[in-house]
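Scroll down for the structure; my scribbles are underneath it.
The values are calculated or read from the model by the stated rules, or taken from the named source; none is laboratory data. The shown structure was predicted, so the numbers you read here are calculated from the model rather than taken from an experiment. Note that each Cβ is placed from the backbone with ideal geometry, even for glycine, and that neighbours are counted across all protein chains shown.
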Amino acid sequence: MVFNSVSFLIFFVVILGLYQLPISWTWRKVILVVSSYYFYAAFNIAFLPILMFTTVLDWFTTTRMQRCESRAGRRVYLLISLCTSLSLLSFFKYGNFLQQNAVALLASLGIHYQPMLWHLVLPAGISFYTFQSLSYTLDMYRRSHPPARSFLDFALFVTFFPQLVAGPIVRGHDFLPQLDTPRRATSAQFSWGLLLLLFGLFQKIVFADAILAPVVNLTYDAARHLSTLDAWTGTLAFAAQIFFDFSGYSTCAIGVAMCFGFALPDNFRHPYAAAGFSDFWTRWHISLSTWLRDYLYIPLGGNRRGISRTYANLCITMLIGGLWHGADWRFVLWGGLHALYLCAERVVVYLWPAWLIPWARVRLVGAMAVTFFLVCITWVFFRATSFERAWSILQSMFVHRATKSVLDENMLALALAVVAGLLAYQWAVRSKTSEEVWSSLPEAVRIVCASVALFLIFSMPVQQQAFIYFQF
């Protein structure tokens, strides 16, 4: 069950109606928990026990942790939670990857070993809900935040259906206090939530699926070398597609949650207007980047232990962030490139005095352009199905090829227009939130925008596609 489906619309209306019944707050939370498990089971009911087990395990370990006065005792329960949760994640997400690399390593040593093949299916959202539950476990170990008041509250925190399978990754100290008192959306919250759901679906259905996905698929799945124009168009289209796809999901999740009276954190803040890579990671997939910062980079020492250690910590964090996205060396390289960018940025900032380019506006635009260009290079490895295909596309991008185009003129022009529009919009409003931009528009313009979005959603002849980040 995905947001861009009729089944979800029916589910949403039914659960919203039940939630509005004149019943106690406890029973309304029960409705949300049960509906969240149903929502998850709609993807694959066979994996529902894993979600339930993770919830019960982390509730048990954190409850016991709170009763331990000694740090050593808390550490035992922390290790139980970490080892169990990460083992489940590693088995399902990285089992095939580890097996294939082990076989390849043994073969390079002259040992030919053919193990039984694993055909593992990745449980939906396991990376997201594992990291979300682990954040609570680590906070309880540190005793940095109060614990959940009840198992029901904790279960709702882990499984809340709007963000269960693709984030944002919510922290306990942000969500759990909202469960202390009854939540019901005000008319302003409800209308804004529906608008966010509408514009999230618009990003996904119109831009990501109808306009950009065909361009990306034709270029990246082509069986031959691409022309330079096709290679660049396909890569720029994917940069826009993955933004509209993932931001669209996050926007839908935030909007649906708001319709029930809950606030979820923003996951994107105009990332292609980033002026540098430190800035990029404060704007792109914010819930993951802050998770990695708070639970990995800072505990490793952050930037407090000298330059060499800082660079090492950046590399470790980004490599793990890349591996989090998928069990493939392409994602590791993607994370490694971002680590290289972050390290190089620190060197450039240190060695390049501001007076070399005295015009602040020129510096800003130049930094945004360079950042977007280099981010697009990393997207090649993220989207390509193999290293060979990635190298082929990069060669086509930087070595002129005048081969026959796989894209017709209309597709090419429309894709580039969407990318240009996206960049122009994000650069123009880089310091504003979506709510600030929307509220600054005249009411007539807002009505027209919402009407056009609704019309295009229902008029686009596009096949329903899953959100890209469901595979992670």
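Here THR282 fulfils each of the conditions (1) at pLDDT 90 or above; (2) surrounded by 17 or more Cβ atoms within 10 Å (Cβ to Cβ) apart from (2).
Among the listed residues PHE53, PHE3, which satisfies the condition of being buried (at least 16 other Cβ atoms within 10 Å of the Cβ) and of a type outside the set (Ser, Thr, Tyr)? Please lay out each step first, then the result.
On the way: PHE53 fails: buried (at least 16 other Cβ atoms within 10 Å of the Cβ).
Of the residues listed, the single one that is buried (at least 16 other Cβ atoms within 10 Å of the Cβ) and of a type outside the set (Ser, Thr, Tyr) is PHE3.
Summed over the range 70-85, residues that are among the aliphatic types (A, V, I, L, M), surrounded by 13 or more Cβ atoms within 10 Å (Cβ to Cβ) and under 30 Å from the mean Cα position of the chain (by Cα) total 3. Residues in the range 48-83 that are in contact with a Ser or Thr (Cβ under 6 Å, 6 or more places away or on another chain) and over 16 Å from GLN132 (Cβ atoms): TYR77, ILE80. Entry remark, the range 361-373: residues being surrounded by fewer than 18 Cβ atoms within 10 Å (Cβ to Cβ) and under 23 Å from TYR220 (Cα atoms) number 1 in total.
Restricting the first member to the range 78-98 and to residues that are β-branched (Val, Ile, Thr), and the second to residues that are buried (at least 16 other Cβ atoms within 10 Å of the Cβ), the beta-carbon pairs closer than 6 Å and six or more apart or on different chains are ILE80/THR61; THR84/LEU57. For the range 432-459, a residue qualifies if it is over 25 Å from the mean Cα position of the chain (by Cα) and among the β-branched types (Val, Ile, Thr), and the qualifying residues are VAL445, ILE447, VAL448, VAL452.
Between LEU356, LEU323, the distinction of being farther than 24 Å from LEU82 by Cβ and at pLDDT below 95 belongs to LEU356 only.
Which residue, of ARG269, ARG293, is within 20 Å of GLN132 (Cα to Cα) and either free of Cβ contacts under 8 Å to residues at least 12 places away in the same chain or out of contact with any Leu (no Cβ under 8 Å at 6 or more places or on another chain) (or both)?
Working: ARG269 fails: within 20 Å of GLN132 (Cα to Cα).
When all the criteria are applied, what remains is ARG293.
Taken together, SER405, SER396, SER308 contain a single residue that is buried (at least 18 other Cβ atoms within 10 Å of the Cβ) and farther than 23 Å from SER127 by Cβ, which is SER396.
Note on the range 311-353: among residues that are among the hydroxyl-bearing types (Ser, Thr, Tyr) and buried (at least 20 other Cβ atoms within 10 Å of the Cβ), the one that is farthest from TYR94 (Cα to Cα) is TYR341. Helices (runs of 4 or more DSSP H) fully within the range 87-196 that include at least 2 residues being among the hydroxyl-bearing types (Ser, Thr, Tyr), at pLDDT 90 or above and touching a Phe, Trp or Tyr at 6+ places or on another chain (Cβ under 9 Å): 126-142. Candidates in the range 426-436 are the residues that are part of a helix (DSSP H, G or I) and among the polar types (S, T, N, Q); of these, the one that is nearest to ALA239 (Cα to Cα) is GLN426. When the range 437-461 is examined, which residues are found to be under 19 Å from LYS204 (Cα atoms) and assigned to a loop (DSSP other than H, G, I, E, B)? Across the range 437-461, the qualifying residues are MET460, PRO461.
Against the test of being surrounded by fewer than 21 Cβ atoms within 10 Å (Cβ to Cβ) and under 26 Å from ARG330 (Cβ atoms), the options VAL165, VAL103 yield a single qualifying residue, VAL103. Using the structure shown, decide if GLY276 is at pLDDT below 95 and farther than 30 Å from LEU407 by Cα. For GLY276, the condition - at pLDDT below 95 and farther than 30 Å from LEU407 by Cα - is met. All of ALA344, ALA275, ALA312 fail the test of being in contact (Cβ under 8 Å) with a residue 60 or more places away in the chain and among the hydrophobic types (A, V, I, L, M, F, W, C), apart from ALA275.
Candidates are the residues of the range 47-61 that are touching a Leu at 6+ places or on another chain (Cβ under 9 Å) and of a type in the set (S, T, N, Q); the one that is farthest from TYR141 (Cα to Cα) is THR54.
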